[in-house]
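Peer 1: My structure is below; once you've seen it, I'll send some questions.
We did not get these values from a lab; they are worked out from the coordinates using the rules stated. All values derive from a computational prediction rather than experimental measurement. We place every Cβ from the backbone using ideal geometry, glycine too, and count neighbours over all the protein chains shown.
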Amino acid sequence: MRLALAQLYVEEASVDANTERALDAIAAAADRGADLVCLPELFNVGFFAFDAYQRSAEALHGSTLTAVSDAAVEHDVAVLAGSIVEDLGASMEEPSGGTADISKPADSGLANTSVLFDADGERRLVYRKHHLFGYESAEARLLTSGETLPTADLLGFTVGVTTCYDLRFPELYRDLIDSGVDLVLVPSAWPYPRVEHWQVLPRARAIENLAYVAAVNGSGEFEDAELLGRSTVYDPWGNVLASTDDRPDLVFADVDPDRVDSVREEFPALGDRR
């Protein structure tokens, strides 16, 4: 599978412009042979645009995710729309005939929600961020934590999703591995100055779980933060397959589920857990 990380320039609270950049990136990645394109955390509004969360919140069948689903179909490519501010109450009111959500939302509130679409535009996975960042951030006050940890079989992989701050909680990744996951996608909005943390944590999650980890970050400046980019794909040994700097970019890597099997057979550390 050819994986593309779309490190987008994210403009604070500019939903239409950010969404257009995301759609352009999906098209460009597909033209270069991508089978799966991953977008960053809160790519349409910007993580640090807290004042815009409420007014930009959408249902799963809202305009942003509909546009991404349509792009997946148009360009025959799977897409992780990771993530938007989801209006949980509105998602509960999805019109009949919509794609069933495999993880039911709460009755109300907002969530940091990633959606994996296949190349037919069908929702295959809905993940709501479990660990909400509280330190000098309004995320924990404004949003509701997710409670489920879904997986999806896609293009030969069993795929799981976590979001940004989730990287600091390795037990979440153990649960994914126990569910058969061999590729973890991590949409993020990781800011300066924590470059070392961004480079170490996803690599550690790959090494300890003998799985691919693809961490896609954004690019751009907000009033109180600047995203550090450096989107990276790690193989099951923790080797860097592809990476970039802090500017907008597309990062490509070829990943193979058989590689996970061979590494786990060569180094069966997961079988020594106690």
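Peer 1: Using only Cα atoms, figure out Rg for the range 53-203 and give it as a multiple of 2.2 N^0.38 Å. Mind dumping the intermediate values first?
Peer 2: Values: Rg = 15.2 Å, N = 151, 2.2 N^0.38 = 14.8 Å.
That ratio works out to 1.03.
Peer 1: Measure nothing fancy, just the Cα-based angle from helix 63-75's long axis to the longest principal axis of the chain, in degrees from 0 to 90, nearest 10.
Peer 2: Relative to the chain, helix 63-75 is tipped by roughly 50 degrees.
Peer 1: Can you sort L5, L65 so the residue with the fewest Cβ neighbours within 10 Å comes first?
Peer 2: Numbers: L5 32, L65 24.
Ranked by crowding around the Cβ, least crowded first: L65, L5.
Peer 1: R0 = 30 Å: FRET efficiency of E221 with R273, Cβ-based, nearest 0.05? All intermediate terms of the calculation are to be shown ahead of the outcome.
Peer 2: Numbers: r = 42 Å, r/R0 = 1.41.
Plugging the Cβ-Cβ distance into 1/(1 + (r/R0)^6) gives 0.10.
Peer 1: Normalise the Cα radius of gyration of the range 164-274 by 2.2 N^0.38 Å (N = residues in it) and let me know the number.
Peer 2: Values: Rg = 14.4 Å, N = 111, 2.2 N^0.38 = 13.2 Å.
That ratio works out to 1.10.
Peer 1: Taking the 0 to 90 degree range and rounding to the nearest ten, how far is the long axis of helix 257-266 tilted relative to the main principal axis of the chain, both from C-alpha atoms?
Peer 2: The angle comes out at about 40 degrees.
Peer 1: If neighbour count is taken as other Cβ atoms inside 10 Å, put C164, C38 in order from fewest to most. Provide the component values of the computation, followed by the final result.
Peer 2: Numbers: C164 26, C38 30.
Going from least to most buried by this count: C164, C38.
Peer 1: Pull out the extension gain between D70 and Y192, defined as 0.36 nm times the separation in residues minus the alpha carbon to alpha carbon distance; nm, one decimal. Walk me through the intermediate numbers first.
Peer 2: Values: separation 122, 0.36 × 122 = 43.92 nm, distance 3.37 nm.
Gain on extension, D70 to Y192, equals 40.5 nm.
Peer 1: Additional query: What is the Rg over Rh value, at two decimals, for the range 155-218, using alpha-carbon atoms and the Kirkwood definition of Rh?
Peer 2: Working: Rg = 11.2 Å, Rh = 11.8 Å.
Expressed as Rg/Rh, it is 0.96.
Peer 1: Still on this structure, I have one more. Quick one: Debye curve from the alpha-carbon atoms of the chain only, equal weights, vacuum; give me log10 I(q)/I(0) at q = 0.17 Å⁻¹ to two decimals.
Peer 2: Rounded to two decimals, the profile gives -1.39.
Peer 1: Between E266 and V240, what FRET efficiency follows from the Cβ-Cβ distance if R0 is 25 Å, with the result rounded to 0.05?
Peer 2: So, using R0 = 25 Å, E works out to roughly 0.80.
Peer 1: Here is a follow-up. Treating each Cα of the range 229-274 as an identical point scatterer and ignoring solvent, apply the Debye formula and state log10 I(q)/I(0) at q = 0.23, 0.30 Å⁻¹.
Peer 2: Evaluating at q = 0.23, 0.30 Å⁻¹ gives log10 I(q)/I(0) of -0.81, -1.07.
Peer 1: Give me the net charge of E196's neighbourhood, meaning all other residues with Cβ under 12 Å from the Cβ of E196; Lys, Arg count +1, Asp, Glu -1.
Peer 2: Numbers: positive: R194, R203, R230; negative: none.
Result for the local shell: +3.
Peer 1: A further question on this structure: Restricting attention to the range 170-269, which trypsin sites (Lys or Arg not before Pro) occupy a DSSP loop and are surrounded by at most 13 other Cβ atoms within 10 Å? Don't skip to the end; give the middle numbers.
Peer 2: Working: sites: R174, R194, R203, R205, R230, R259, R264; in loops: R194, R230.
When the trypsin sites (Lys or Arg not before Pro) of the range 170-269 are filtered for loop state and at most 13 Cβ neighbours within 10 Å, R194 remain.
Peer 1: In whole angstrom, note down how far apart the Cα centers of the range 165-183 and the range 1-38 are.
Peer 2: 25 Å
Peer 1: Relative contact order for the range 2-272 using alpha-carbon pairs under 8 Å, separation at least 6, rounded to a whole percent?
Peer 2: Numbers: 649 pairs, mean separation 50.2, N = 271.
In percent, rounded to a whole number, it is 19.
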